[in-house]
Amino acid sequence: MDLSKVSVRELNQYLHHDLAKAGVKHVNITNPDGAHNIAVGLDADVSVDIQGHAGYYAAGMNKTANVTIHGNAGTGVAENMMSGTVRVKGFASASAGATGHGGTLIIEGDASLRCGISMKGIDIVVGGDVGSYSAFMAQAGNMVVCGNAGDALGDSLYEAVLYVRGEIRSLGADAEEQKMTEQDIKKVGDLLKKAGFDYNAKEFKRIASAKKLYHWNADAKQEY
């Protein structure tokens, strides 16, 4: 599918309606040129390769499909994905994997601000750094950061767990470093292997919720 010859609407209509009927298992998308909403809403057992940079919300709401972006991705890549795998070979802009319910998002380069904001079960593996406010209000799932993390990492965390190999500029409200267990090491090792990153899982720090924000405390006087 050549996006210099067909529109993104035509592409997505094909992916949503005609793909399954034709029994196609692999789609190669050329000349994306940073277009927005490429390959959104997929619900099929298909591999999709986007040969270049993608704009906003690429592979959003993904279900079952395996999508690879051979370049950088704009804001909201894999936003609200349910299952399957989305891989970004380059860098990802703000809010990568936001509100993701399941599946795996792999970013080989850096991710910008608010990576994994409000994640709800997705696994996110970042080969480089993540920006400030990543995993803000993350409710469930795992984030593995092979590089460094910016300010306010994990602000207002719930049950999601974050693993960071490099330096953390600061932790957000109610986020704290906790001891890595054998279960954590295995989990990180499995995610690194899936992402294709050759790091030692024992080098990572575990960040999780201190659970002081779970319930309102009138005596706290807003001093959390």
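Condition test on Ser95, is it closer than 18 Å to Ile38 by Cα, free of Cβ contacts under 8 Å to residues at least 60 places away in the same chain and out of contact with any strand residue (DSSP E or B) (no Cβ under 8 Å at 6 or more places or on another chain)? Yes; evaluated as a whole, the condition is true for this residue. When Asp33, Asp49 are screened for being at negative phi and free of Cβ contacts under 8 Å to residues at least 40 places away in the same chain, only Asp49 passes. Screening Ile106 on (1) β-branched (Val, Ile, Thr); (2) without any contact (Cβ under 8 Å) to a residue 24 or more places away in the chain; (3) touching a strand residue (DSSP E or B) at 6+ places or on another chain (Cβ under 8 Å) shows it passes everything except condition (2). Can you name every residue in the stretch 180-197 that is of a type in the set (Gly, Ala, Ser) and farther than 13 Å from Ile106 by Cα? Result: Gly189, single match.
Out of the residues in the stretch 20-41 that are more than 17 Å from Ser7 (Cβ to Cβ) and aliphatic (A, V, I, L, M), state the one that is surrounded by the fewest Cβ atoms within 10 Å (Cβ to Cβ). Ranking the qualifying residues of the stretch 20-41, first place goes to Ala22.
Every number in this text was worked out from the coordinates using simple rules, so none of it is lab data. Bear in mind that the values here come from a model prediction, so they are computed numbers and not experimental data. Virtual Cβ from ideal backbone geometry, glycine too; neighbours counted across all protein chains shown.
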